[in-house]
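Below you'll find the structure, written out as structure tokens, and then a few comments.
Nothing in this text is a laboratory measurement; each read-out follows from the coordinates by a stated rule. If you're wondering where the values come from, they're calculated on a predicted model, not measured in any experiment. When we count neighbours, we look across all protein chains shown, and the Cβ atoms used for this are built from the backbone with ideal geometry, even at glycine.
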Amino acid sequence: MEEIIRLPYGKTEREFSIEGLTLLGILKPKRYPEIKDQKEAIYRAIRNPDYGQSLLEIARGKGSAVILVSDKTRRTLAKEIVPVILEELTKSGIPLSRITIIIAVGAHPMLTRDEIKALLGEEITDTVTVVNHNCRDMSSLEYRGISSRGTPIYINKIFLEADLKILTGAVNYHDFAGFSGGAKSILPGISGFPTISHNHLMLLDPSFGSGYNPMASAGVLDGNPVHEDMEETAELTGIDFIINTVVNADGKLSGIVSGTDWKKAHRAGCKMIEEIFSAEIREKADAVLVSAGGYPFDINFYQVMKSVINTMQMIKDDGGIILTASCSEGLGADNLREWLNIESPVRLEEELRKDFNMIGKIAYDIRVGLKDKKVVMITDLPKEEVEFLGFQKADSLEEAKEILSLRENSTIYVVPYGNITTARRVNPL
């Protein structure tokens, strides 16, 4: 019987027949229950947290407070959580005039006033002081020394000067910091550009020309130099309280971790993410057929690259990736072409070490991380764009199989949501 697979593609789906191939599994996030009463869960997390004292307990007697909020690219429920935090702070005696909300954008673009209103709501935006962090404004930063890994530590002054310091955010996989949430609110969230750049360069192996540090990868905390440097930096800032959310594959709230023991709370959130988004595999396949998750996750190539990185560990050393992604808005990064024009891996690494940025990292992913892999795209991108990336374009799965020289009974994994799915190797049967 012919097996038909339907995968998200743009705002629609595409059908693929995997007849003749040996399907090792369809890897996707596990079903995880939604918290039905979000408001009650938020109040409980703030008033009766699992990891330490309540916010009200530690706020009493304090004269000022600062709340870190992630930017618009992350689902953190800030609009629902921040009002409850403000309620508890004012109840403790801290007036709204002594509370500041910092949008912890790291090195991302600062939010406009309208974007802040969409993130926090109009009332909070109009009644509480809300500021964007600016990682390049050195006058707004305070120098706190050098980390044990040599990172110069510059942190937002407003945060450091507040009596009470509160982190909000969301926990999810991060491709080289292990997980988002937790210390990432500090670094990169409210750190200076020199701090961010030095920290992020730890994703590369210390030895020039050796590629990525294998410990700097999704799902790895212990031994991950990027994460450990982030936590060391965060510890120097005096964090008082954390509240981080966990959402399931449907984007619904599934958990809240909170309390004064911010590291323990964050670890609990990471464990939940592993339970939801980590798919077990017992062997590596000849190929993987992966969708970037459909709109908006496949709107451009910049967005879909995460799906490629997530699936690399699912295939054999000589395996292939068949990526289905609309990319209706093209490459999605203005200077990606400029970085990809640096064809020498040595020079590319030199430039990346000199001035680290995420566009350069993607170019390095393509030119170095994927140099031994074959990637075939089923996409709306023009053929010349796909070939410029170093990939090949196919109009069908049959054509992709021919390009990858897949034979009868070649093994394959199917990944409908490559943007949020990672693999965890378990002992073979």
### Task
Report the antiparallel proportion of the DSSP beta bridges in the range 201-351 as a percent, rounded to a multiple of 5.
55 percent
### Message
Suppose every Lys and Arg Cβ carries +1 and every Asp and Glu Cβ carries -1, with no other charges. What dipole size does the range 38-247 come out with about its Cα centre, to the nearest 20 debye?
### Response
340 debye
### Query
Helix 78-92 versus the longest principal axis of the chain: what angle, 0 to 90°, nearest 10, using Cα atoms?
20 degrees
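Tally Lys and Arg at +1 and Asp and Glu at -1 over the other residues with C-beta under 13 Å from the C-beta of Asn48: what net charge comes out?
Result for the neighbourhood of Asn48: -2.
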## Note on the structure
Checking Thr12, Thr379, Thr245 against a Gaussian network model of the chain (alpha-carbon springs below 10 Å), the top fluctuating residue turns out to be Thr12
### Message
For a quick check, take a GNM of the chain with Cα springs below 10 Å and name the residue from Asp240, Asp380, Asp250 with the largest mean-square fluctuation.
### Response
Asp250
### Summary
Lys pairs in the range 259-316 with Cα under 28 Å (8 or more apart in sequence, or on separate chains) total 9
### Summary
For the range 38-247, the count of lysine pairs 8 or more apart or interchain whose alpha-carbon atoms are under 22 Å apart comes to 18
## Note on the structure
Answer in debye to the nearest 20: the dipole magnitude of the chain about its Cα centre, from +1 Lys/Arg and -1 Asp/Glu charges placed on Cβ, is 1000 debye
### Query
Counting each DSSP H run of 4 or more residues in the chain as -39500 (n - 2.57), what helix-only mean residue ellipticity at 222 nm follows after dividing by all residues, to the nearest 500 deg cm²/dmol?
-8500 deg cm²/dmol
### Message
Under 5 Å between amide hydrogens, which residues at least 5 positions from Ala279 or on another chain qualify, with H placed 1.01 Å from N in the peptide plane?
### Response
Thr422, Ala423, Arg424
### Alpha carbon centroid spacing (whole Å) that separates the range 378-407 from the range 155-205
38 Å
#### Entry: aspartates and glutamates with Cα under 16 Å of Lys30, excluding same-chain neighbours fewer than 8 positions away
Asp250, Glu274, Glu275, Glu280
## Note on the structure
Expected vector for the range 29-43, Karplus 3J(HN,Hα) from phi with 6.51, -1.76, 1.60 and θ = phi - 60°, integer Hz, x for Gly and Pro, equals x, 7, 5, 9, x, 8, 6, 6, 9, 4, 4, 5, 5, 5, 4
### Query
What is the order of Tyr143, Tyr212, fewest Cβ neighbours within 10 Å to most?
Tyr143, Tyr212
#### Entry: Built amide H within the under 5 Å cut-off of Ile18, gap 5+
Glu3, Ile5
#### Entry: Relative contact order [Cα under 8 Å, 6+ residues apart], the chain, whole percent
20 percent
### Query
If packing is taken as the mean number of other Cβ atoms within 10 Å per residue, what is the order of 400-411, 32-43, 293-304, highest first?
293-304, 400-411, 32-43
### Task
Enumerate the aspartates and glutamates that Lys401 could reach by cross-link, defined here as Cα to Cα under 18 Å, with residues fewer than 8 away along the same chain left out.
Glu2, Glu3, Glu15, Glu19, Asp286, Asp317, Asp318, Asp372, Glu387
### Pairwise centroid distance, computed over Cα atoms, of the range 271-344 with the range 77-128, Å
34 Å
### Query
Under a 5 Å amide H to amide H cut-off, with H placed in plane at 1.01 Å, what residues pair with His174 once short-range neighbours are removed?
Phe179, Ser180, Gly219
### Task
Tabulate in residue order the Karplus-calculated ³J(HN,Hα) for the range 233-239, using 6.51 cos²θ - 1.76 cosθ + 1.60 with θ = phi - 60°, rounded to whole Hz; enter x for Gly and Pro.
5, 4, 4, 6, 9, x, 4
### Task
Order these peptides, 195-206, 347-358, by their mean beta-carbon neighbour count within 10 angstrom, highest first.
195-206, 347-358
### Query
Please state the relative contact order of the range 38-247 as a whole percent: Cα pairs under 8 Å, 6+ residues apart?
22 percent
## Note on the structure
Per the C-alpha gyration tensor (a ≥ b ≥ c, the square roots of its eigenvalues), the chain is rounded if a/c is under 1.5, else prolate if a/b beats b/c, else oblate; here it's prolate
